[in-house]
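Notes follow the structure.
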Amino acid sequence: MENAKLKIIKKKDVLKFLDSLKKEYDIFVPIEKNGDIRFSKFNSEKDIPWNYRNTKIPPKEIFFPQTETLFSFEAGTSTLSNGSMTFTPIDESKSSAPGNKNYLIFGIRPCDAQAFSLLDKLFGGDDFQDPYYLEKRKQAIIISLACNKPQITCFCTSLKGKPDNEEGADIILFDLGENILTKPITKKGEEFIENLDSWFKEAKKSDVDKKNELMDLSLKKICSGVNLQNIKEKLDEAFDISFWNEIHQKCLGCGICTYLCPTCYCFDITDEIDHVAGGLAPSRGKRIRCWDSCMFPLFTLHASGHNPRLTYKERMRQRIMHKFNYCPENFKEIFCVGCGRCIRNCPVNLDLREVLVSLMSLGSLCKDKKI
Amino acid sequence: MIEKIKEVVKKLFKEDKIDIFIGYGEGTLPLRTTPCFITGPDNIEKLVWNSYCFNNLAVYLPRFFLPQLQKKDLKFPRIGILAKGCDGRSIVGLIKEHQIPRENLYIIGINCSGMIDIEKVQNAVYKMQEVEIVSAKEKSGKVLVENEDNKKVELKKEELLAEVCKNCQYTAPLIYDVLIGEEKRKTKEKERAAFIKEFEKKPLEERWKYFQEQVSKCIRCYACRQACPNCYCKECFADQTRPKWIGATENISDIMFFQIGRILHQAGRCVDCGACVRACPMGIDLRIFTYKLIEDVKEFFGYEAGISLEEAPPLATFKPDDKQEFITEP
Ligand code: SF4
Ligand code: SF4
Ligand code: SF4
Ligand code: SF4
């Protein structure tokens, strides 16, 4: 995109700008809440925390919430001859208010925008189309915010990212202090800015210089990295090497590294049944899906009682394999964007970078190294 | 102290007294260490001891002694473990609940001078997320933190201690094979319980509101449960599907059910090590609830968890004059 497309908006105008879009869009912005920052519905009372590093809970929750109702149903009046009950889906379209608003995701970090492009491959790939995710995703415009100050856990540069990475976003913003520089990335983003032209003015050369300077500095701040070249091929050979015997040892098997990961997408589907007060017979219910985690033993527990991933070892191997081998196999992409959430929040400081470094430093994986 | 620890561990391996040693290694982030498993004398240099050794290592013990391993005729390993006061109390609890055999443990007790609360360091100097701490050094009661702009600040360790470490009564474990540092018992019971007494004074509605506020932050990652040495159940009630006790969502009633269940299962067992609070990514004040339970068990049954191997746990005993009012009159 040529520099001509670069525009400036005053930082102090941004709240008003977003406010003017409220009718048309469901706007999500980072908001300080309970001592954390989390993407929440825009509220013109609350300023954008421009200096925020990143949210604890990734913005994947906007399109792929922790709990999502797929449909509701109620008990039918008839009982089948074998004694089982019948249920009929409830048509929600009648009851729910006509929303049909577009989504505007404002100020997500570039790594999280990149994560959306990965999730798109899964939820909107050739094999499966996930209507629940896609319905929201398709109507969304993503405006990311380049990072002036990466954290010590950031390692996006090892995963095709960088503090001003454009993938997954429609527009990227640069915080220049008093001004915000906007750069459209997609056609959608370009049109969005064109339609709202009155808020913006042309960027000057000095603005562009400042942006470049900030980004150079920012890139230098990312001091950790892992060379992941050929990691997929390496892992092709690694399923039963002794490496896995040790790296999981300190893992507690909690849901933090997967729930907080912007690219982890596993979910579980259950029915929640409401009982009529006092009665045992189910009256109505919902089919819901919730985040699930490969780090939980229940994840692979079979109805027979058998569990193919019985211990921490198999579960940790799954987490690494899935991101760095199976996803490259299925989607031609590593499912990690280097946001560092799993590193920062792991209660035992099990550092993914360390795992990857030691994995990459293994020599050629010959047979005798196997368990 | 670390030299002493290494020396003992080296000796244990040399004399073939242990197969594995569990201690702390250097962390990858400032103000952190990481649990470290050592299987031979060569790796002993990895061990560290400082004010960030906050993980309760006892949590790792039950997984070495699972009954299904015994069935397979595998020999249980002999484990050496570094234990602060609270880890030691957890170990006592696990032995009493028959999860780990005492004879397979070699406990290196250590007299702990308290662990640092990372949040406190962060908040002492900077507002949340404003500045990143890139390194921290500890020296004689002081912590020197450096931020990303190379600014250094010196803080007093005393002021950074985790809540559970302030007024700790059992800084060294009550059972051990060798103790590093002297055993000093402190009686600060009153000071320690002060926050609960304060909280109890609040009206019921206010306490209930606080509980709801806190648990509504929960994302059900179960890190609190997984970090707790007491939560060794093969299948947690929260995970069971037949029957299914709780819904799977983050609906507040589901979360409350989980929290109440987890907390009540700690009655007479929680040693107030703070592992759950530290593990929780959402900063939920779990301790106010677990500590209330500790106080109640003390008051009603005169029992304190993890103190003696002999005294029978209150949940496993019945006395005709046991208090019961609390069951019928909340
Ligand atoms: S966050 Fe850490 S302890 Fe929890 S499952 Fe992940 S690696 Fe294990
Ligand atoms: S694996 Fe860790 S670093 Fe990679 S995207 Fe997920 S949370 Fe971020
Ligand atoms: S990982 Fe990269 S893109 Fe993500 S917050 Fe850090 S610097 Fe920004
Ligand atoms: S660690 Fe915190 S967020 Fe996770 S389940 Fe426990 S209370 Fe909830």
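The values are calculated or read from the model by the stated rules, or taken from the named source; none is laboratory data. The shown structure was predicted, so the numbers you read here are calculated from the model rather than taken from an experiment. All Cβ positions, even for glycine, are placed from backbone atoms using ideal geometry, and neighbour counts span all protein chains on display. Please note that ligands, DNA and RNA were not included when accessible areas were found on the heavy atoms of the full protein model with its side chains. Shrake-Rupley method; radii C 1.70, N 1.55, O 1.52, S 1.80 Å.
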On a full-extension model of 0.36 nm per residue, what is the gain between B:Asp177 and B:Glu159, subtracting their alpha-carbon distance, rounded to one decimal in nm? 3.3 nm
Of A:Ile141, A:Ile172, A:Ile247, which has the largest mean-square fluctuation in a 10 Å C-alpha GNM of chain A? A:Ile247
Say we join alpha carbon atoms closer than 10 Å with springs in a Gaussian network model of chain A; which of A:Leu119, A:Leu310, A:Leu181 then has the biggest fluctuation? A:Leu310
Whole-percent carbon and sulfur contribution to the accessible surface of the protein assembly as shown (1.4 Å, no ligands, DNA or RNA) stands at 52
For the protein assembly as shown, what is the calculated [θ] at 222 nm in deg cm²/dmol (nearest 500), taking -39500 (n - 2.57) for each run of four or more DSSP H residues and dividing by its residue count? -8000 deg cm²/dmol
When the convex hull of the C-alpha atoms of the protein assembly as shown is computed, what volume per residue in Å³ does it have? 205
Taking every residue of B:243-253, the Cβ atoms of other protein chains inside 10 Å of its Cβ average out to 4
May I ask you to list the aspartates and glutamates whose Cα is less than 17 Å away from that of B:Lys11, ignoring any residue fewer than eight positions away on the same chain? B:Glu3, B:Asp19, B:Asp42, B:Glu45, B:Asp177
Kindly work out what percent of the DSSP beta bridges joining two residues of chain A are antiparallel, to the nearest 5. 75
For the range B:118-160, what is Rg from Cα atoms divided by 2.2 N^0.38 Å, rounded to two decimals? 1.05
Which of B:Asp16, A:Asp126 is most accessible, then next, and so on - probe 1.4 Å: A:Asp126, B:Asp16
Set the Förster radius R0 to 30 Å, insert the Cβ-Cβ distance between A:Asn34 and A:Lys136 as r into 1/(1 + (r/R0)^6), and round the FRET efficiency to 0.05. 0.75
Quote the Stokes-Einstein diffusion coefficient, in whole µm² s⁻¹, for chain B, based on the Kirkwood radius over alpha carbon pairs, a temperature of 20 °C and a viscosity of 1.002 mPa s. 100
What number do you get for the range A:231-368 when its Cα radius of gyration is normalised by 2.2 N^0.38 Å, N = residues? 1.28
May I ask for the net charge around A:Tyr133, where only other residues with Cβ less than 13 Å from the Cβ of A:Tyr133 are counted and Lys, Arg are +1 while Asp, Glu are -1? +1
Mind running the shape call on chain A? Use the C-alpha gyration tensor, a ≥ b ≥ c as the square roots of the eigenvalues: rounded below 1.5 for a/c, prolate if a/b tops b/c, oblate otherwise. oblate
Residue among A:Lys162, A:Lys187, A:Lys121 with the largest mean-square fluctuation in a Gaussian network model of chain A, springs linking Cα atoms under 10 Å: A:Lys187
Using a 1.4 Å probe on the heavy atoms of the protein chains only, list every residue of the range B:2-29 that has 10 Å² or more less accessible area in the complete assembly than in its chain alone. B:Thr28, B:Leu29
In square angstrom to the nearest 100, the accessible surface buried at the A/B interface, both sides summed with a 1.4 Å probe, amounts to 3700
Bridge orientation stat for the protein assembly as shown from DSSP, antiparallel percent rounded to 5, came to 70
Hey, can you find the accessible area per residue of chain A for me, probe 1.4 Å, expressed in square angstrom? 47
